[in-house]
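First comes the structure, then the notes that go with it.
The values are calculated or read from the model by the stated rules, or taken from the named source; none is laboratory data. What you see is a predicted model, and the numbers here were worked out from it, not measured in a lab. Cβ coordinates were reconstructed from backbone atoms using ideal geometry, including for glycine residues, and neighbour counts include every protein chain displayed. Areas reflect the complete protein model, heavy atoms only, side chains present, ligands, DNA and RNA absent. Shrake-Rupley method; radii C 1.70, N 1.55, O 1.52, S 1.80 Å.
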Amino acid sequence: MAKLGGCRTILLLFAVAGCIARWFLRVPSHPNPPDVKVDFGKDGWEEKVRYNLAKHGYAHIPGLLKREEVQGLRKLAEDFCYGETRKALPLSYGGYSVPNFLDVPEFAAAKWLPEDERVHTLLRAAFNGTGYRFASHNDVGCDFVGVWHKDILRGTAAKYQECDVWSPDATGEQHEIYKVMFYLQDHVHDEQAMKVIPGSHIIRHTPWEDGYVALHPTMGDTVIFDQRLSHAGNTYYDPLGKGRLFMQVGFGRANRFTDEFERGTVERQQTLHNRMLQSSAQRGLSTYLADAKFTVLGAALSALPPALLNFFADKDIKDHVHRSCASGQSSSQAKAAVGGEL
């Protein structure tokens, strides 16, 4: 019994030490959050959108869509993710996703979203009237567990991003891709929407010392952000909650950076889409076990230092340093040239 008591004491001490370490390694809150809200349609709103995107990497546009429109989108997501049959793709780190929802028959009533004139009025302001296009990125998140990261191509899709996204190409063109996000519930009184580190889109690493800002959108609001911005969702999964749902679509300046990103995105989304079609589960024991698994995973992720999780999430970024296209050569062309010399 004495030995058992000693083991319990040691485990308790380790647990307390872990909590203390996690407290000191947490991401601090931003001391002076920037005002990124933009009153759509008011004098000077276009300039404010561009300023916030350039300076802070994101902008919050209240009431771009009507609340009843968003309620309709939410009903589509709820039925697909949490109906009698869970049709969404279960993610390895928790939550569900609907990759390429625009090609999913059950979301036919949401196809208007990336074509909506209000969205394109916002995009014309963001791109300052220059050419842009849909980058094919579109997905739905259902209680999506997301650690701190920057949105770049990863894994096998990374091969398509031949040019470094933090440096111009030989013609002076820059990477400029924005995600347009719609939260399908209110987040006025919680921090369960996106969290960002303002200004982090212009640098490769995540500046933890600057502190984070939690966004508080309501239904109908839109958040537009530079996809290189360091951002995070929740690192916990709540199986008893009302459902934390969002939809997002991506648009980029009409140049090679967007072309490369789109090719990788199409491949990645198609792979995930095919996997999703094989993962449907009837409500029952398997879905309860999935909820339990995601809850445990979320708790574990919440206990780990954010910088540690980010180290693995953004490990592909270091490879971008060697992908500069400023000389007019892509990374594959440069490698071929070197191989020819050898």
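Details
- In region 213-243, the residues that are open to solvent by less than 10 Å² (accessible area, probe 1.4 Å), assigned to a strand (DSSP E or B) and either touching a helix residue (DSSP H, G or I) at 6+ places or on another chain (Cβ under 6 Å) or among the aliphatic types (A, V, I, L, M) (or both): V223, I224, D226, A232
- Inclusion of L65 among residues that are closer than 30 Å to S302 by Cα and either at pLDDT below 95 or surrounded by 14 or more Cβ atoms within 10 Å (Cβ to Cβ) (or both) is not warranted.
- Within region 167-185, the set of residues being open to solvent by 20 Å² or more (accessible area, probe 1.4 Å) and within 18 Å of the chain's Cα centre (by Cα) comprises E176, Q185.
- Matching entry among F246, F251, F257 (being in a strand (DSSP E or B), closer than 26 Å to H120 by Cα and open to solvent by less than 10 Å² (accessible area, probe 1.4 Å)): F251
- The residue that is least open to solvent (accessible area, probe 1.4 Å), among those in region 79-131 that are modelled with pLDDT under 95 and polar (S, T, N, Q), is T130.
- Qualifying position, being touching a residue at least 60 places away in the same chain (Cβ under 8 Å), farther than 22 Å from S29 by Cβ and small (G, A, S), among G233, G250: G250
- Flag for F134 being part of a strand (DSSP E or B), open to solvent by 20 Å² or more (accessible area, probe 1.4 Å), touching a helix residue (DSSP H, G or I) at 6+ places or on another chain (Cβ under 9 Å) and at pLDDT 95 or above: yes
- Scan of region 260-298 for residues that are open to solvent by 70 Å² or more (accessible area, probe 1.4 Å), touching a residue at least 24 places away in the same chain (Cβ under 8 Å) and not in a helix (DSSP H, G or I), ordered by number: Q282, R283
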